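Undergrad: Dropping the structure in here first, questions after.
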Amino acid sequence: MHVWSLPQFAVECREDFPQSPWLEVASHSCAPFWPTSTESRKKMVARIKDSTEETLPFDITESHTTLLQLQHDVSRHFFAVVTTKTWLSPSR
């Protein structure tokens, strides 16, 4: 699976489990992501890098684009996270 960040700032994402590590995705870039969940419907949360406010969990089982809104400081940020269901092994 790949995660694309489309805003002008870096974002972090992780599976919807508090113990999951955050994956940083730089602005206008892509990062590989391997879910570890055994659930049939996998979910992810995202946030602006180094912030504490997270999005609501969103489904990553199928390829799609999600428009997310966060209130960060005194401004509101809208950003897109695109997930693609291209499964690769971690060794690739």
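Quick note: the coordinates plus some simple rules give every number you see, no bench work behind them. What you see is a predicted model; the values in this text were computed from it and never measured. Cβ sites come from the backbone with ideal geometry, for glycine too, and all protein chains shown count toward neighbours.
Undergrad: Just want the ordering: Glu15, Glu53, from fewest to most Cβ atoms lying within 10 Å of their own Cβ.
TA: Least to most surrounded, the residues fall as Glu53, Glu15.
Undergrad: Moving on to the next point. Would you mind counting up the charge near Ala10? Only other residues with Cβ under 13 Å from its Cβ, with Lys and Arg at +1 and Asp and Glu at -1.
TA: Working: positive: Arg47, Lys49; negative: Glu12, Glu24, Asp50.
Local net charge: -1.
Undergrad: Can you give the FRET efficiency for Thr36 and Gln8, using 1/(1 + (r/R0)^6), R0 = 41 Å, r = Cβ-Cβ distance, to the nearest 0.05?
TA: Efficiency for this residue pair is about 0.85.
Undergrad: Still on this structure, please answer the following. Need one number: nm distance between label points at Ser29 and Lys43, each 7 Å from Cα along Cα→Cβ, rounded to one decimal.
TA: Here the answer is 2.9 nm between the modelled labels.
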